[in-house]
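Readers should treat all values here as calculations from the given coordinates under stated rules, not as data from a laboratory. Nothing here was measured: the structure is a model prediction, and the numbers come from that model. With ideal geometry, Cβ positions are generated from the backbone for all residues, glycine too; neighbour counts draw on all protein chains shown.
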Amino acid sequence: MDIAVVVFPGSNADFDALHAARDVLGEQARYVFHKETSLGAADAVIVPGGFSYGDYLRTGAIACFSPIAAAVRAFADQGGPVLGICNGFQILTEMRLLPGVLTRNAHLRFECRDVHLRVSARGPFTNTIAAGSVLRLPIAHGDGRYQCDAQTLARLQKNDQIAFQYCDAQGNVGKQPTVNGSIAEIAGVYNEAKNVLGLMPHPERASEAILGSADGLKLFQALRAHLQGKAS
C-alpha cells in the first residue's frame, strides 16, 4: 500500500500523518509536495493539518489552486480514497470535494484538547469500526465549525455521509456544550461516493497508546482493510 501525504507551505501535521501510516501502520508512505503535479502510484492520499499558505484569505482557500490540487481532484474523481485532516478537511471543502464549509469556532477560541466522537457512517476509513462506536481524538483548530445549508444537511443525513459527530464519553450527541458550534455536531463527513473523508480531529495524533489514545489508528487500519478488499 502506497500512501501519499501532501505537503503545503504551512503544513505542520505532515510528519504525524507520515509516521502513523509508515511507522505505526507499517505501510509505505511518502511526501508529495504542493508544487508537484502527480501523486505517482498512490493507493491513498492524506491531506494533513496545519495552516496551508498561512490560512490567508480563508483556511484552505489558496491550497486548492496549488499545482498538486488537480492530481488530488483527479484521484478522488476516480474513486481513490482521500483523507483530509483538520486543515486538510478545510482544503477539501474549498476544492469542492466535500460539501459544506469550516468557519470560525462559535465561541471564537482556539480549541486544543481531546474530544469524543461517535462513528456515524461507513466508508473506506470507518468500515471496520462498528457504527455507534466512540473514539477519543485530539482537536487543534480555531476554524472547525462545520456549516451547511438545510438542503445539504438533509442530503448528508439521507445518504449517510456524516462520518463523525461530537459526543460525550457514552456516545450521546447534543447532551454537552458544543465543541465549536458545528451544525448537528458534525466533526467529519464523507462525499456522496464515500471515498473522500474530512474530519477536524486528528487521528494521526492518537495512533499509539503512549499518546494517550490509539483510537485514531482504527481509521488507518480501516483504510488498509478497504484497500486489501477485506472491509466488512
Note down the relative contact order for region 32-172 as a percent, whole number, built from C-alpha pairs under 8 angstrom at least six residues apart. 22 percent
What residues qualify as long-range amide H neighbours of L25, i.e. H under 5 Å apart, gap of 5 or more or another chain, H built at 1.01 Å from N? none
P(r) of the chain over all Cα-Cα pairs, binned every 10 Å from zero, in whole percent: 9, 37, 40, 14, 1
In region 2-227, with Lys and Arg counted as +1 and Asp and Glu as -1 at Cβ, which of these residues, I183, Q170, Q90, has the Cα nearest the positive end of the dipole, that is, farthest along it? I183
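For region 1-157, give the magnitude of the charge dipole about the Cα centre (Cβ charges: +1 Lys/Arg, -1 Asp/Glu; no others), in debye to the nearest 20. Working shown, then result.
Values: 14 positive and 14 negative charges, 92 e Å.
Roughly 440 debye for region 1-157.
Extension gain T152-R96, at 0.36 nm per residue separation less the Cα-Cα distance, in nm?
Between T152 and R96, full extension yields an extra 18.9 nm.
Hey, got the dipole for region 44-135? About the Cα centre, +1 on K and R Cβ, -1 on D and E Cβ, debye to the nearest 20?
Numbers: 8 positive and 5 negative charges, 36 e Å.
So the dipole magnitude of region 44-135 works out to roughly 180 debye.
If you rank L25, L211, L92 by fewest surrounding Cβ atoms within 10 Å, what's the result?
Numbers: L25 19, L211 13, L92 29.
By the 10 Å Cβ count, ascending: L211, L25, L92.
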